[in-house]
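This report refers to the structure that appears directly beneath it.
The values are calculated or read from the model by the stated rules, or taken from the named source; none is laboratory data. Note that the structure is a prediction, hence the values are computed from the model and not measured. Ideal geometry is used to build each Cβ from the backbone, glycine not excepted, and the neighbour counts take in all protein chains shown. The accessibility values were calculated without ligands, DNA or RNA, using every heavy atom of the protein model including side chains. Shrake-Rupley method; radii C 1.70, N 1.55, O 1.52, S 1.80 Å.
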Amino acid sequence: MSILESGIKNAKNVVNYIFGKDSILQLGSLLHDLRDDRTSYAIYFIDKYFEKNPELLKNLHISDIDLVSYIDTEHEPKTNDIDLLLSKLQQAEKDSPFALIGIGGGSTLDITKAISNLLTNEGKAEDYQGWDLVKNPGIFKIGIPTLSGTGAEATRTCVMTNPKNGLKLGMNSDYTVFDQLILDSNMTATVPRDQYFYTGMDAYIHCIESLAGSYRNAIGDAFSDQTLKLCREVFQGSDMKNDQNREKLMVASYLGGCAIATSYVGVVHPFSAGLSVVLGIHHCLANCIVMSVMGEFYPKETEEFMRFADVQKIKLPRGICQNLSQDQYEKLYQSTVIHEKPLSNALGEGFKEILTPAKVVEIFKRM
Ligand code: ZN
């Protein structure tokens, strides 16, 4: 197999991380050390789920001067959502915090990263969709994941969709990487089983796609191998959500994020993006729906994925792409084949000869 350059010449990982149950208790002293004086404030971006379920957050001891913003993650982040959040901070004169703290799943973490960059770089979110466009280091940012799988805590991007042109692309930059992570597996205890499975499978799918591709590197492969080993231990077991397995999946998510940061995904993510863009299905569920029909591209892995779903008694929605309009099928095709890098990674430069419009629609109809 040919090993091609992944384009990342000098990889950057998260600078500091604290791992372990109850490690969130250390947030207070971290912030204390960073805070200049009594007028300096931090901003918390917290998944809306915790507004109604405050037990997990009662240990945070949020200072009166700090600002808390609850993030609605019903829809995945759009560039104008981020611009709106930024202008609210500017209007409230809360645009020079000493730190940002993101507590939530991939969307909340990505929003934290994007706002951190925009507070020190002029312009709008869409101005920085691409590679290495961010000029200045962002505000110091701390990530505390409450879901495991997307790897958002580890990567140098923050995924967002631009509704004007349908472009789903993040701010790929060394400045997007978190300065500090707190990986506390207590945070994932209350995640519903279905969501826990879908999100965990994102780490699995990133790594099977990466290992099957042509753009590879030895460190990325090592991260992927270990991620898959941990995912197998978690999802083959009878209780995927026990203490030990939640710790393992949190590590798998982080390592999977490191893996994908220096390699590319394959066939699954482009089809999944089609489902997200055209039908509004969340990333991780969309991945699982696609994975169930990937037998011809990833035979062993598809079988293994179906076995995980079976062991964990997870039912996937079926028939979601039957009876759509011609226009919707056309959009599904376009929003899949637009992802040239991953599809070339998986199928070679001539991927459009394999993924003809008829073939792509046939695959969607099998879901
Ligand atoms: Zn993913």
>> Tell me the residue from MET250, MET240 that is more than 14 Å from the ligand (Cβ to nearest atom), open to solvent by less than 30 Å² (accessible area, probe 1.4 Å) and in a loop (DSSP other than H, G, I, E, B), please.
In response: MET240
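If you take the residues of the stretch 270-282 that are open to solvent by 40 Å² or more (accessible area, probe 1.4 Å), at negative phi and in contact (Cβ under 8 Å) with a residue 60 or more places away in the chain, which of them is nearest to the ligand (Cβ to nearest atom)?
We begin by selecting, within the stretch 270-282, every residue open to solvent by 40 Å² or more (accessible area, probe 1.4 Å); these are 277, 279-280, 282.
With the extra rule that they be at negative phi, the set shrinks to 277, 279, 282.
When the remaining residues are screened for being in contact (Cβ under 8 Å) with a residue 60 or more places away in the chain, the result is 277, 282.
Numbers: VAL277: 14, HIS282: 11 Å.
My answer is HIS282.
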> Which residues, taken from the stretch 320-330, are open to solvent by 10 Å² or more (accessible area, probe 1.4 Å) and modelled with pLDDT of 95 or more?
Replying inline: ILE320, LEU324, SER325, GLN326, ASP327, GLN328, TYR329, GLU330
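Does the stretch 260-269 contain any residue that is over 29 Å from PHE351 (Cα atoms), within 14 Å of the ligand (Cβ to nearest atom) and either touching a helix residue (DSSP H, G or I) at 6+ places or on another chain (Cβ under 9 Å) or assigned to a loop (DSSP other than H, G, I, E, B) (or both)?
Step one: list which residues in the stretch 260-269 are over 29 Å from PHE351 (Cα atoms), which gives none.
The answer is no, given that none of the residues of the stretch 260-269 is over 29 Å from PHE351 (Cα atoms), within 14 Å of the ligand (Cβ to nearest atom) and either touching a helix residue (DSSP H, G or I) at 6+ places or on another chain (Cβ under 9 Å) or assigned to a loop (DSSP other than H, G, I, E, B) (or both).
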> If a residue has to be aliphatic (A, V, I, L, M), out of contact with any strand residue (DSSP E or B) (no Cβ under 7 Å at 6 or more places or on another chain) and within 15 Å of the ligand (Cβ to nearest atom) to count, how many in the stretch 153-200 make the cut?
Replying inline: 1
>> Looking at GLU296, GLU303 in this structure, which one is assigned to a helix (DSSP H, G or I) and free of Cβ contacts under 8 Å to residues at least 12 places away in the same chain?
In response: GLU303
> If you go through the stretch 184-229 one residue at a time, how many are basic (Lys, Arg), in contact with a helix residue (DSSP H, G or I) (Cβ under 9 Å, 6 or more places away or on another chain) and in a helix (DSSP H, G or I)?
Replying inline: 1
> What strands (runs of 3 or more DSSP E) lie completely within the stretch 1-118 and have 2 or more residues being free of Cβ contacts under 8 Å to residues at least 60 places away in the same chain?
Replying inline: 42-47, 67-71, 99-104
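Could you say whether any residue in the stretch 155-167 is assigned to a loop (DSSP other than H, G, I, E, B), within 19 Å of VAL251 (Cβ to Cβ) and open to solvent by less than 50 Å² (accessible area, probe 1.4 Å)?
Within the stretch 155-167, one or more residues are assigned to a loop (DSSP other than H, G, I, E, B), within 19 Å of VAL251 (Cβ to Cβ) and open to solvent by less than 50 Å² (accessible area, probe 1.4 Å).
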> Looking at (1) at negative phi; (2) within 16 Å of the ligand (Cβ to nearest atom), which is the one condition that is false for GLY149?
Replying inline: (1)
